[in-house]
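Undergrad: I am attaching a structure below and will ask some questions about it afterwards.
Just so it is clear, none of the values below were taken in a lab; they were calculated from the coordinates. Source: prediction; values computed, not measured. With ideal geometry, Cβ positions are generated from the backbone for all residues, glycine too; neighbour counts draw on all protein chains shown.
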Amino acid sequence: MMIHEGLANRILLWAITIAGLIVIYAPPLYLLAVSFNPALQPGLPSLSDLSLIWYAALPKEHALVGALQQSLIIATITAVLATGMSLLAALAYFELRAQRTAWFLTVILPMFVPGVIQGLALSAVFTRNGIKASSLTVIAGHLLWAMPFAFIVILTSFAAVRRSYLVAAADLGATRWRQFVDITLPLIRPGLVSAFIFSFLLSLNEFTRAFYLAGRQNTLPVVLFGKMNSGASPVIYAMSGAIFLASVACVALIAIRSLWPGAGKRSTR
Amino acid sequence: MTGPRLPISSVLMTPPLLAILAFGLAPLTIVVVWSFWSWDPLTYWIKPDLSLAGYAAILEAGRWTVIVSTLVKAFGTALLCLLIAYPTAYAVHFLAGRHLNIILLALITIPFFTSYLIRSFSWRLVLGRTGILNTWLRDLGIAQAPLDWLLFSNFAVVIGLVASYLPFATFPLLLSMRRVDPTFLAAAQDLGAGFWKSLTSILLPLTMSGIFAGFLFVFVMVVGSSTEVQMLGGAGASIVSVMINDVMRVANYPLAFAISTIVLVVIFGLVLIGNRIFGLASLFEDQSP
């Protein structure tokens with residue numbers, strides 16, 4: 001033990017930590033629980049009448065199903081593009097010397113641009129140039145939203161690539177391409193998978209940019225937003241609950257497996 | 001690896017750079033330029049006559065108060081998030097055992113990739129008149145009538161903002177704690193420093209870049225947020241992003257562009273100054289163990 005916090009301090013630290021987690025997780029988990037309540041009035045269901053009727057009603061909601069399909073297509077294309085672009089950006093990062101920080105900031109900065117402003121700016125520029133709002137315009141907006149996250153994840157996964165591996169391969173006559181395919185790529189594959197899934201989820205759940213950029217077929221969050229504000233029906237709880245649960249499951253899987261490679265090894269305390 | 005050639009870095013950089021320029025920098029630059037153009041009632045669009053009408057309109061109809069209240073909300077939320085995130089990062093990094101450590105890291109990572117819309121919306125079920133909090137308060141006899149100010153109020157908005165952006169503070173704090181050399185803390189301990197002394201004289205100064213980054217990230221995210229106010233704010237509640245939406249509804253482009261320009265200047269200014277002083281980029285760089 002490095003520091004002796006004392007029991008009282010430790011209880012305090014854990015209490016605040018748990019409070020923070022409750023603030024983040026309790027409301028969506030409560031919403032999830034409510035979605036299994038057959039009653040129209042939102043409330044916790046009793047264990048005896050847990051029901052899936054609102055989930056069974058989902059396929060009949062054509063607006064939601066159409067929006068979900070649109071969102072899945074957009075999220076898949078966004079994820080492919082964001083992962084590929086971020087891989088290139090990360091490879092460039094390691095080739096650079098002096099301008100590394102500048103390049104890092106260039107890729108990261110779009111994360112801080114407010115969704116409304118990026119959506120508005122892209123939509124205004126597209127409209128002025130005669131580009132109709134469609135799934136492609138949404139993808140353009142989502143790409144810049146997903147790339148910074150994908151970039152950081154891929155960058156972190158490069159920790160597994162020791163320079164000595166590449167130098168050894170070069171000494172044995174491997175070209176840059178062979179080094180990349182045979183050494184770098186297998187080592188960073190978990191990072192690429194994570195980046196893909198994260199980009200997919202970021203796009204799937206993104207609302208403000210899609211609000212400005214979606215064409216005739218809105219994405220799921222845009223449709224959900226409309227329904228949430230016009231007297232929420234329990235079907236909305238079911239859809240929201242299902243999306244939330246699916247997102248959590250995906251990230252939990254990755255996070256436990258590969259996101260924090262150093263997490264398990266830290267035992268020198 | 002010798003001989004002159006086209007630097008491979010520039011080849012690799014080209015596709016992502018083009019995407020960033022085409023979908024990010026270029027549209028934003030155009031918006032900044034357009035914010036100085038004037039409204040043309042003939043075309044329902046703007047024309048390239050230099051005009052500060054958009055900026056002048058910010059001073060009308062109490063719009064600047066929305067900007068001020070946004071900055072206040074961002075400041076308050078960022079402070080609240082730090083107060084929760086610092087102990088959290090400490091507990092995750094120093095207190096948690098191996099397995100708990102991984103579980104907590106997962107729990108901190110998950111919110112980045114879930115829907116802010118759904119998470120904000122779910123607070124309605126908790127804070128509403130018939131929500132679970134009001135039900136509990138009445139069952140426990142703490143409140144006689146349902147508390148109306150819980151939902152559709154600034155209270156609800158700030159809670160929603162903290163819930164949405166707390167991980168943005170925890171994440172950089174964790175990264176900065178991972179960089180603290182444990183021998184410093186051990187040395188302080190050996191010299192008789194207690195927990196609070198070690199915390200204030202060693203850990204806090206060494207994690208200053210994480211503290212600043214956490215504050216900045218939350219601040220910037222709140223300045224750009226809209227869903228929390230749309231879902232949880234009361235009648236007439238606003239924040240700059242919602243104000244931009246409202247202005248766009250009446251197609252007042254110069255005003256929308258002028259507000260956007262000011263927000264962009266504030267955000268990029270803060271991030272770049274933060275990077276200059278605290279080396280934000282270095283927090284994420286050189287992650288190799």
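Undergrad: Ranking request for peptides B:35-46, A:186-197, B:168-179: highest mean number of other beta-carbon atoms within 10 Å first, then the rest in descending order.
TA: Peptide ranking by packing, descending: B:168-179, A:186-197, B:35-46.
Undergrad: Net charge near B:ALA163: determine it from the other residues with C-beta under 12 Å of the C-beta of B:ALA163, scoring Lys and Arg +1 and Asp and Glu -1.
TA: 0
Undergrad: Next question, about the same structure. Using θ = phi - 60° and the Karplus form 6.51 cos²θ - 1.76 cosθ + 1.60, what ³J(HN,Hα) does each residue of the stretch A:120-136 get, whole Hz, x for Gly and Pro?
TA: 4, 4, 5, 5, 5, 5, 4, 4, 4, 9, x, 8, 6, 5, 7, 5, 5
Undergrad: Using amide H atoms built 1.01 Å from N in the peptide plane, name the residues 5+ places from A:GLY215, or on other chains, whose amide H lies under 5 Å from its own.
TA: A:SER134, A:SER135
Undergrad: Another question, if that's okay. Considering amide H positions built from the backbone, and no H for Pro or chain starts, which residues 5 or more places from B:TRP45, or on another chain, come under 5 Å of its amide H?
TA: Residues meeting the criterion, in which the H sits 1.01 Å from N, are B:ASP40.
Undergrad: Using the Karplus equation 6.51 cos²θ - 1.76 cosθ + 1.60 (θ = phi - 60°), what ³J(HN,Hα) coupling, rounded to whole Hz, does each residue of the stretch B:102-109 give in order, writing x for Gly and Pro?
TA: These are the phi-based 3J(HN,Hα) values: 5, 4, 5, 4, 4, 4, 6, 7 Hz.
Undergrad: Just the ratio, please: alpha-carbon radius of gyration of the stretch A:28-77 over 2.2 N^0.38 Å, N its number of residues.
TA: Taking the Cα Rg and dividing by 2.2 N^0.38 Å, one obtains 1.42.
Undergrad: Starting from the alpha-carbon convex hull of the stretch B:55-201, give the projected area averaged over all orientations, in nm².
TA: Computing the convex hull of the Cα atoms and averaging its projections yields 14.0 nm².
Undergrad: Per residue and in cubic angstrom, what volume does the convex hull of the Cα atoms of the protein assembly as shown have?
TA: Per residue, the Cα convex hull of the protein assembly as shown comes to 182 Å³.
Undergrad: Amide H to amide H under 5 Å from B:SER35: which residues, 5+ apart in sequence or cross-chain, H placed 1.01 Å off N in plane?
TA: none
Undergrad: Exposure proxy check: B:THR70, A:THR83, A:THR127 ranked by fewest other beta carbons within 10 Å?
TA: Values: B:THR70 23, A:THR83 26, A:THR127 13.
Ordered by Cβ neighbours within 10 Å, fewest first: A:THR127, B:THR70, A:THR83.
Undergrad: List, in order, the whole-Hz ³J(HN,Hα) value for each residue of the stretch B:127-143 obtained from phi through the Karplus relation with A = 6.51, B = -1.76, C = 1.60 and θ = phi - 60°; use x for Gly and Pro.
TA: Those phi angles translate into 9, x, 4, 9, x, 5, 5, 5, 4, 4, 4, 6, 4, 7, x, 6, 10 Hz.
Undergrad: Then there is this: Find how many whole Å separate the alpha carbon centroid of the stretch B:189-258 from the alpha carbon centroid of the stretch B:69-95.
TA: Value for the Cα centre distance between the two parts: 9 Å.
Undergrad: For chain B, what is the calculated [θ] at 222 nm in deg cm²/dmol (nearest 500), taking -39500 (n - 2.57) for each run of four or more DSSP H residues and dividing by its residue count? Walk me through the intermediate numbers first.
TA: On the way: 15 runs with 189 residues, N = 289.
Here the helix-only value at 222 nm equals -20500 deg cm²/dmol.
Undergrad: Once every DSSP H run of n ≥ 4 in chain A is given -39500 (n - 2.57) and the sum is divided by its residues, what mean residue ellipticity at 222 nm do you get, rounded to the nearest 500 deg cm²/dmol? It would help to have the intermediate numbers written out before the result.
TA: Values: 12 runs with 182 residues, N = 269.
Taken over chain A, the calculation gives -22000 deg cm²/dmol.
Undergrad: Any idea how far the Cα center of the stretch A:35-55 sits from the one of the stretch A:191-235, in Å?
TA: With the stretch A:35-55 and the stretch A:191-235 each reduced to a Cα centre, they are spaced 25 Å.
Undergrad: Testing the spin-label approximation: label points 7 Å from Cα along Cα→Cβ at B:ARG179 and B:TRP45. State their distance in nm.
TA: 4.7 nm
Undergrad: What net charge is computed for the residues neighbouring B:ILE132, neighbours being all others with C-beta under 13 Å from the C-beta of B:ILE132, Lys and Arg scored +1, Asp and Glu -1?
TA: Values: positive: B:ARG124, B:ARG129, B:ARG138; negative: B:ASP139.
That works out to +2.
Undergrad: Are any of the pairs A:LYS60/B:LYS73; A:LYS227/B:LYS47; A:LYS227/B:LYS73; B:LYS47/B:LYS73 more than 32 Å apart by Cα-Cα distance, and if so, which?
TA: A:LYS60/B:LYS73; A:LYS227/B:LYS47; B:LYS47/B:LYS73
Undergrad: Could you compute how fast chain A diffuses translationally, taking Rh as the Kirkwood radius over C-alpha pairs and applying Stokes-Einstein at 10 °C with viscosity 1.306 mPa s? Give it in µm² per second.
TA: It diffuses with D of about 74 µm²/s by this estimate.
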